[in-house]
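Step one of this worksheet: look at the structure below.
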Amino acid sequence: MRVIITGLVGQYPFGGVIWDYLQYLLGFRSLGHQVLYLEDSGAWPYDPEAGTITSDCSFALQSLEKIFHDFDLDHAWVYRNGADGKFYGAGETVAREWLRHGDLLVNVSSAGWLRDYDLRVGHKMFIDGDPMFCQIGLLDGSNPLYAGRLRNHDSHFTFGLSVGQPGCPVPLDGIT
């Protein structure tokens, strides 16, 4: 199976964020699947050394190259700069081909914007890693594009163990 995992590793190359996404790549790979990491959130790069948002994605690229090399995933990542739309790593052709012909897209915490792709991947799964954030984002009605992106998945999964259960304060929007 060819599995695409979305994430924000280049945007926020910090321990917890890295593992939030990398665990899926390593897990699917250990099960014998081909994996591709796709970072296309539409966001401009963040440079933690400068403490600011910038159009320069050098810090993100250096981080991705090191992290993915350390886990023998050198050619298994694509980064798209939100500032100018340019692709890096395995590149645009690979990203588009996998999203057209891949078997499973795992969109973790809505990290994948996936705005201008011919998205014909076999199954689109949304993993809600931050239930309160995602549910409120869907319910407040202020961003219909965000809501549409989240609803445009074949299956939805939440980390919220009690979401939908009596007494759970997390509001429901019908996708969990």
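For region 92-107, the criterion of being hydroxyl-bearing (S, T, Y) and surrounded by 15 or more Cβ atoms within 10 Å (Cβ to Cβ) is satisfied by no residue at all.
Residues to consider are R80, R115; find the one that is under 29 Å from T158 (Cβ atoms) and in contact with a Lys or Arg (Cβ under 8 Å, 6 or more places away or on another chain). Lay out the reasoning, then the answer.
Working: R115 fails: in contact with a Lys or Arg (Cβ under 8 Å, 6 or more places away or on another chain).
R80 is the lone residue from the list that is under 29 Å from T158 (Cβ atoms) and in contact with a Lys or Arg (Cβ under 8 Å, 6 or more places away or on another chain).
Taken over region 131-174, residues that are under 30 Å from V94 (Cα atoms) and surrounded by 17 or more Cβ atoms within 10 Å (Cβ to Cβ) amount to 7.
For region 90-127, a tally of residues being assigned to a helix (DSSP H, G or I) and among the aromatic types (F, W, Y) returns 1.
Considering each of L150, L138, L145, L161 in turn, give the residue that is within 22 Å of the chain's Cα centre (by Cα), of a type in the set (A, V, I, L, M, F, W, C) and farther than 24 Å from S41 by Cβ. I'd like the intermediate steps shown before the answer.
On the way: L150 fails: farther than 24 Å from S41 by Cβ; L138 fails: farther than 24 Å from S41 by Cβ; L145 fails: farther than 24 Å from S41 by Cβ.
Just a single option satisfies the conditions, and that option is L161.
Rule-based calculations on the coordinates, nothing more; no lab input. Predicted model, so just to flag it, every value in this text is computed and none were measured. Here the Cβ is made from the backbone with ideal geometry for all residues, glycine too, and neighbour counts use every protein chain on show.
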